[in-house]
Amino acid sequence: MAGNWKMYKTPAETIAFFEAFRPLAGSAEHCEVVICPPFTNLTAAVGAVQGSNIRVGAQNIAWAKEGAFTGEISGPMLVAAGCTYAIVGHSERRQYFGETDATVLKRTLAALEYGLTPIVCVGERLEDREGGRMEDVLKTQFAGGIAGLSEPQFAKIVIAYEPVWAIGTGRTATPEIAAAAHRTIRAEVRAKFGHDAAEAVRILYGGSVNAKNVQTLMAQPEIDGTLVGGASLDAASFASIVNF
């Protein structure tokens, strides 16, 4: 169960969140709990989760170790800050900041090189969904952004399916729609990396997940977890999702 805070909260607000969240879900053992705050909050978050089962991740990662890449944060910097996860290829990075399948692969490889677990995002836009191109989009994103990994590398990643039309819109894919997309992704994994890899990979659903719909989503055997946006900003709300 991963929370993506996007561009919200200060370090002080981060500490306050974890003071409220830890007693509610800080000892969860039925799932991994990951919070991905803004870069400026990483140190505060890592300090606030010490002694708990909560992990901290970044919302992005540079493909280079260091260099003239203004505005980027490298793998070694994230590791030094205490991160263990990194979101890669979120639809907002694709939509607003020029992320491509090729750069998704480069960032994924960088995360793996420095021991971070990448949460690699794929998903279609509304026009793709309405045009019946969901499967084509997912296959293309998988081919360009994930299929370039070796089998050992692939075994270390998490995939997140996030239909762009359902992110922050209040529109949630029905459990059946989400499960169908997850089956498409898992079939691509099976074809490229084999049956065991397809069974083992965790595929998260992201797209207006909240405490009210998490149970019906998680009831689908194809859905292995969630990547939560807005509902992860409130401690009680995200704890309800974690403890579904």
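A short reminder: the numbers here are calculations on the coordinates, not readings from a lab. Everything numeric in this text was worked out from a predicted model, so none of it was measured. Note: ideal-geometry Cβ built from the backbone for every residue, glycine included; neighbour counts use all protein chains shown.
General remarks:
- Pairs of Lys residues in the range 2-242 that lie 8 or more places apart, or on two chains, and have C-alpha atoms under 30 angstrom apart add up to 19.
- Listed residue (Pro175, Val242, Thr10) projecting farthest to the positive dipole end of the chain, Cβ model: Thr10
- Cα-based shape type of the range 33-160, given that a ≥ b ≥ c are square roots of the gyration tensor eigenvalues and the cut on a/c is 1.5: prolate
- Per-selection metrics, the chain (Cα): Rg and Dmax in Å: 16.8, 48
- Note on the range 168-238 and the range 82-118: Cα centroid distance 19 Å, given to the nearest whole angstrom.
- Global form of the range 157-201, assessed from the alpha-carbon gyration tensor, a/c cut-off 1.5: prolate
- Each 5 Å bin from zero holds the following percent of Cα-Cα pairs in the range 120-178: 4, 18, 26, 22, 14, 10, 5, 1.
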